[in-house]
Amino acid sequence: MEVGVKPDWWIRKMALEHGMIEPFEEKQVTKGVISYGLSSYGYDMRIADEFLIFTNAYSTVVDPKSFDERSFVRHSGEYCIIPPNSFVLGRSVEYFRIPRNVITITLGKSTYARCGIIVNVTPFEPEWEGYATLEISNTTPLPAKVYAGEGIAQVIFIEADGVCEVSYADKKGRYQKQQTIVLPKVE
């Protein structure tokens, strides 16, 4: 067993034979878009066309234990304008099914990072599955544009030399099998 960061051939095999990534783009798409698809040691996921844009219109408090949905406005479209020094939530186009002996690290794409747009995605734990909820910050004093259907972040797959004792599915994680943007939950 080869452990560590997984190369393109392993990702392709896991996606095509085991449904690890759906839909799966076997080659990197680059022409006229922010790239997405299979890369040398990862997979560049896309952002879907649904967004939650944070707003202070109602002067709510962002509280992870009691999240007030008036903290954001819903937006669907080919792109999203993130207000200056603000934040949006989005979701991946791809649905992920992570094997029991794998964990992921996801990093924002350099094209966006060079524009002051920071993407945060927490690790996909062993046996987690679903559409990823993406946290996107505009750190600039200017409005910033994010394009739906194009690359937003790269997922790196790390295989362990054994399986974990308790997977995300075993503990019935609160974000398991999410189908849309999921807000914070504390149970």
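Nothing in this text is a laboratory measurement; each read-out follows from the coordinates by a stated rule. Worth saying up front: this structure is predicted, and the values here are computed from it rather than measured. Backbone-built Cβ (ideal geometry, glycine too); neighbour counts: all protein chains shown.
Residue count for segment 88-135 under the criterion of being under 12 Å from the mean Cα position of the chain (by Cα), over 20 Å from THR55 (Cβ atoms) and without any contact (Cβ under 8 Å) to a residue 24 or more places away in the chain: the result is 2.
The strands (runs of 3 or more DSSP E) found entirely in segment 17-87 that carry 1 or more residues being loosely packed, with under 13 Cβ neighbours inside 10 Å and free of Cβ contacts under 8 Å to residues at least 40 places away in the same chain are 72-76.
Taken over segment 136-179, residues that are surrounded by 12 or more Cβ atoms within 10 Å (Cβ to Cβ), part of a loop (DSSP other than H, G, I, E, B) and either among the hydroxyl-bearing types (Ser, Thr, Tyr) or free of Cβ contacts under 8 Å to residues at least 40 places away in the same chain (or both) amount to 6.
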